[in-house]
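Here is the structure we will look at.
The values are calculated or read from the model by the stated rules, or taken from the named source; none is laboratory data. Given the structure is predicted, the values throughout are model-derived calculations rather than measurements. Note that we place each Cβ from the backbone using ideal geometry, even for glycine, and neighbour counts take in every protein chain shown. When the accessible area is computed, the model is the full protein with side chains, heavy atoms only, and any ligands, DNA or RNA have been set aside. Shrake-Rupley method; radii C 1.70, N 1.55, O 1.52, S 1.80 Å.
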Amino acid sequence: MRPRPDATDDKVLVSDFALRKIDKGHYVELYYWTNIGIQEAHSTYRTRDDEGMLPTTNSDGSTVWVTAAGAKPSSAVIADRNLSTVEFAQAVPRLIAALEEYDWPVQRVTMLARFWGAVMLHRYWNPSLNAPS
């Protein structure tokens with residue numbers, strides 16, 4: 001069972017479902033790292049039976065047991081393409097930190113950080129960069 005982070009702690013409480021996807025190297029929506037996604041994780045923390053376990057298949061085909069909280073996605077997820085620029089900017093640094101915490105290869109983390117940085121600076125996505133000098 002994960003302890004709830006202290007309000008003064010730098011760590012954020014992210015959905016167990018999202019962290020499990022990160023740990024497996026699967027796609028997960030940026031929503032889980034936005035302020036709204038983190039607030040939802042705080043509000044639903046320990047509302048489900050934390051001791052409940054569900055069987056799932058591991059990447060090698062073996063059966064593993066995971067917590068019920070880690071097997072269910074949020075019902076309020078916003079697709080990445082529908083996130084606002086502010087939500088996107090909130091999520092990216094938090095997701096990069098999570099990838100590093102879960103020991104993703106440095107090259108992949110750097111590649112994603114550069115890609116998302118380029119998206120945030122692109123003139124079609126960031127109208128303030130279109131203003132004449």
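Listed values, structure above:
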item	result
Scan of the range 84-97 for residues that are small (Gly, Ala, Ser) and open to solvent by 10 Å² or more (accessible area, probe 1.4 Å), ordered by number	Ser84, Ala89, Ala97
Residues located in the range 56-92, provided they are over 24 Å from Arg114 (Cα atoms) and at pLDDT 70 or above	Asp60, Gly61, Ser62, Thr63, Ala76, Val77
Restricting the range 1-30 to residues that are touching a Leu at 6+ places or on another chain (Cβ under 7 Å) and assigned to a helix (DSSP H, G or I), the residue that is modelled with the lowest pLDDT	Ile22
